[in-house]
Amino acid sequence: MVVGAGFAGLAAALDLHDHGLSVVVLEARDRVGGRVLSVELENGELAELGAEWIMPEDEVLQATIDRLGLSASEAGVDYLRREPRGRAAVPMAELDAFLEAADAHLASSNATGSSMGSMLDAVPGDDRARVVAKARLQGTFASDLDHVAWRAGWHAGRVAAEPAVYRRMARGNQSIADAAARLLPDVRLGRRATSVIERRGRVEIGAGDDRIDADAVVVAVPVRLVTELGFDPPLPSEQREAFEGLPMGVASKLALPLGGEPGRCAIQCADLPFWFWVADGDDGRPRRVVTSFAGSELPQEALATASGDPREWVRRIVELAPELRPNGSPVMKVWGRDALSRGAYSAWDHPSIARRPQFERMHGAIAFAGEHTAGDHSGTMEGALRSGKRAASQVLELLGHA
């Protein structure tokens, strides 16, 4: 049994199926993909309201795309190189200089126990550029930087804005999940698991009025939902505390149809932790849509995302980029208010880093997957896939199929 049909659950199910096991996947939503969500706007353009960027180093993700016979196309804009705009904006050259200084400072530091915020405050350099850098990074972490742990090695390649090629799926990132699900014989949508009971070498999953027996289970749901499952025997206290204590970043996305022929752009608001971009489709031309990502609590309040009304967010985008021509109804996804995610992705604090082994630890015949179990790859599609494959290998070893 696999509980959850996001990227982690689907990766686990595919590996188990490849080894000849009979696999049933339960998914509470009416679709697969989890926190990957591709939508078609009223002007016919594709937009990603969930995970979007395929990074240059995403080896498992690329292997999965190849296996499924799909293709990714270059986005034409750089995920990290964002033009600062707004009252606090500085020239790109000044921001680059600060980010390079930040990388050098972080690489030479061994200040265990420090937060990302305090580490950035200690970087020598222009305070105006520091404000912009912190806005970008707070959005990336989807959490206040003073609450996010700095850890040696994590920052590599993620602070400095070195040019790189980033991609997206030609038919939307959800096409990966849809294609994976088509290879599996038994994916049951709209079926939310509520209990996981292990007795005498068998595991029973409760889902509504149904009871399904299995030899082993992979639980691949967002971390906030793990301990809502009724485990019997209960999870060990230290493992339950790990799941319950890991903070979740808060983020929302907005997609706004555009008219005309917009130019590519990647723009960071210097005053709030949100950014927006116009990037290419599979034809090598910019899609007629601007997409925006707001990470952490601060922009949620300023952009009024909890109201469900995207007009303030749209106003801010147009104010920063008057060259864009809105033409159609915007769509917005507030992940913190999604009952089946309750946040965007994990935002590691120091207590959670210390508990990291608990997230990958099996509980009897139950393995755990999800981006929150992927360590340094957490918060990404790559991490979700890696975690599913790792959980599948644990199950295969348990059942003697390794």
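The values are calculated or read from the model by the stated rules, or taken from the named source; none is laboratory data. From a predicted model like this one, the values you see are computed outputs, not experimental measurements. Using ideal geometry, Cβ is built from the backbone for each residue, glycine included, and neighbour counts are taken over all protein chains shown. To get the accessible areas, we keep the full protein, side chains included, count just its heavy atoms, and leave off ligands, DNA and RNA. Shrake-Rupley method; radii C 1.70, N 1.55, O 1.52, S 1.80 Å.
When the residues of segment 337-379 are filtered to those that are open to solvent by less than 40 Å² (accessible area, probe 1.4 Å) and on the phi > 0 side of the Ramachandran plot, which remaining residue is nearest to the chain's Cα centre (by Cα)?
So the residue we want is G379.
Could you tell me how many of the residues in segment 181-205 are touching an Asp or Glu at 6+ places or on another chain (Cβ under 7 Å) and free of Cβ contacts under 8 Å to residues at least 12 places away in the same chain?
Residues in segment 181-205 being touching an Asp or Glu at 6+ places or on another chain (Cβ under 7 Å) and free of Cβ contacts under 8 Å to residues at least 12 places away in the same chain: 1 in total.
Take E323 and tell me if it is in contact with a Lys or Arg (Cβ under 8 Å, 6 or more places away or on another chain), farther than 30 Å from A391 by Cβ and surrounded by fewer than 17 Cβ atoms within 10 Å (Cβ to Cβ).
Considered against the rule, which asks whether it is in contact with a Lys or Arg (Cβ under 8 Å, 6 or more places away or on another chain), farther than 30 Å from A391 by Cβ and surrounded by fewer than 17 Cβ atoms within 10 Å (Cβ to Cβ), E323 comes out as no.
Restricting the search to segment 113-126, which residues are over 14 Å from L145 (Cα atoms) and either open to solvent by less than 60 Å² (accessible area, probe 1.4 Å) or in contact (Cβ under 8 Å) with a residue 24 or more places away in the chain (or both)?
Residues satisfying the conditions are V123, G125, D126.
Is there a residue in segment 238-246 that is of a type outside the set (K, R) and over 24 Å from T380 (Cα atoms)?
Yes.
Would you mind telling me which numbered condition in (1) outside any helix (DSSP H, G or I); (2) crowded, with 19+ Cβ neighbours inside 10 Å R31 fails?
It fails just one condition, (2).
Please pick out the residue among R288, R316 that is open to solvent by 50 Å² or more (accessible area, probe 1.4 Å) and touching a Cys at 6+ places or on another chain (Cβ under 8 Å).
Result: R316 is the single residue among R288, R316 that is open to solvent by 50 Å² or more (accessible area, probe 1.4 Å) and touching a Cys at 6+ places or on another chain (Cβ under 8 Å).
Quick one: which residue in A5, A12, A75, A47 is within 21 Å of the chain's Cα centre (by Cα), more than 30 Å from V187 (Cα to Cα), open to solvent by less than 10 Å² (accessible area, probe 1.4 Å) and modelled with pLDDT of 95 or more?
A75
Out of the residues in segment 380-397 meeting the condition of being closer than 21 Å to W53 by Cβ and surrounded by fewer than 22 Cβ atoms within 10 Å (Cβ to Cβ), tell me which one is modelled with the lowest pLDDT.
T380
Pick from segment 216-270 the residues that are polar (S, T, N, Q) and part of a helix (DSSP H, G or I): which of them is surrounded by the most Cβ atoms within 10 Å (Cβ to Cβ)?
Per the criteria, the residue is Q239.
Which helices (runs of 4 or more DSSP H) does segment 305-373 wholly contain that include 2 or more residues that are in contact with a strand residue (DSSP E or B) (Cβ under 6 Å, 6 or more places away or on another chain)?
Ranges flagged: 311-320, 350-354.
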